[in-house]
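Reading through the structure tokens given below for one structure.
Please treat every number below as a calculation from the coordinates, not as lab data. This one's a predicted model, so the numbers in the text were calculated from it and none came from an experiment. Using ideal geometry, Cβ is built from the backbone for each residue, glycine included, and neighbour counts are taken over all protein chains shown.
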Amino acid sequence: MKSLFISIEGIEGAGKSTQLAFIQRYLSENGKQLKVTREPGGTELGEAIRTLLLTPTETGMAVDTELLLMFSARAEHVAQVIKPALERGEWVLSDRFTDATFAYQGGGRGIEQQRINELAQWTLNGLQPDLTLLFDLPVELGQQRVLSRNQGVDRFEQEKVDFFQKVRNCYLERAEKEPQRIKIIDASQSIAEIEHQLTRILQPLL
Ligand code: Z5A
């Protein structure tokens with residue numbers, strides 16, 4: 001079977017990081033060579049861009065700057081990490097990819113989807129995940145979880161409920177349009193129940 005490119009998505013507090021470890025373990029135990037990576041980031045240059053994007057004091061960043069920085073990091077990530085890993089026959093598991101740009105910069109910031117599409121076509125040349133796991137939960141529950149984590153908040157986490165509601169809606173609209181690729185996980189459930197949901201989706205791919 002060919003190597004697969006899997007991305008995981010969701011609003012803040014959805015539990016992506018928690019479940020990333022489970023997915024990684026599950027796929028490795030089932031014999032998959034796996035490259036685990038993240039966006040923004042995944043390369044030395046991409047991680048430097050990530051720092052710029054998440055620094056809480058960068059409050060005045062223009063929305064187009066934010067959009068272009070996301071795609072700059074992504075172009076580097078695809079060229080240096082994702083494509084080479086897929087060509088070697090490895091599976092790639094990325095914590096976020098282009099759906100996040102449509103949801104955050106499109107839904108959240110209000111940039112037209114068509115402009116994001118043009119950038120995606122230019123930089124990605126058709127590359128998209130084979131499977132996207134969308135961790136979905138009510139915004140308020142996600143925010144409670146982030147607060148209980150007791151860490152500092154980044155530039156995005158400073159945003160209000162309304163912003164994350166628009167992001168969530170955009171993710172759900174995308175999932176409705178592409179049900180074969182984007183699978184919705186009910187992230188409001190317990191960690192064990194979410195692991196069952198993930199196993200049901202991943203097991204047939206092995
Ligand atoms: N961004 C963008 O705008 N455009 C783009 O194109 C891209 C990204 C690629 C950084 O992403 C920011 O970049 C992100 C969007 C923007 N901003 N936001 N918000 P990130 O993915 O690195 O950051 P994050 O969204 O904050 O993800 P995270 O740190 O991985 O957190 P998480 O998904 O919320 O997961 P968690 O840390 O596993 O869970 C949060 C807490 O809940 C934690 O205490 C857990 O122990 C707990 N938890 C987890 N699962 C459960 C369950 N099931 N029950 C109860 N408690 C739970």
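Treat each spin label as a single point 7 Å out from the Cα along the C-beta direction, and report the Leu124 to Glu29 distance in nm.
About 3.1 nm, to one decimal.
Label Asp64 and Arg115 with points 7 Å out from Cα along Cα→Cβ: what is the distance between them in nm?
0.7 nm
Between Leu172 and Ile201, what's the calculated FRET efficiency when r is the beta-carbon distance and R0 is 22 Å? Round to 0.05. It would help to have the intermediate numbers written out before the result.
Numbers: r = 17 Å, r/R0 = 0.78.
Here the calculated transfer efficiency is 0.80.
Label Ser72 and Lys2 with points 7 Å out from Cα along Cα→Cβ: what is the distance between them in nm?
Inter-label distance under the simple model: 3.2 nm.
Averaging sequence separations of C-alpha pairs under 8 Å and six or more residues apart, then dividing by the length of the chain, give the relative contact order as a whole percent. Numbers along the way, then the final one.
Numbers: 287 pairs, mean separation 68.1, N = 206.
Relative CO of the chain lands at 33 percent.
222 nm [θ] for the chain, helices only, -39500 (n - 2.57) per DSSP H run of 4+, per residue, to 500? If you can, show how the numbers build up before the last one.
Details: 9 runs with 101 residues, N = 206.
Calculated at 222 nm, the ellipticity per residue is -15000 deg cm²/dmol.
Going out from 0 in 5 Å bins, what whole percent of all Cα-Cα distances in the range 1-80 drops into each bin?
3, 12, 19, 20, 21, 14, 7, 3, 2, 0
Would you mind checking the radius of gyration and Dmax of the range 5-205 based on alpha-carbon positions, in Å?
16.1, 46
Taking the Cβ-Cβ separation of Ser188 and Lys83 as r and a Förster radius of 35 Å, what is the calculated FRET efficiency to the nearest 0.05? Intermediate values should be presented prior to the final figure.
On the way: r = 35 Å, r/R0 = 1.01.
That pair, Ser188 with Lys83, gives E of 0.50.
Hey, which of these cross-link pairs are over 24 Å Cα-Cα: Lys35/Lys166; Lys2/Lys83; Lys35/Lys177; Lys32/Lys177?
On the way: Lys35/Lys166 31 Å; Lys2/Lys83 13 Å; Lys35/Lys177 28 Å; Lys32/Lys177 29 Å.
Exceeds cut-off: Lys35/Lys166; Lys35/Lys177; Lys32/Lys177.
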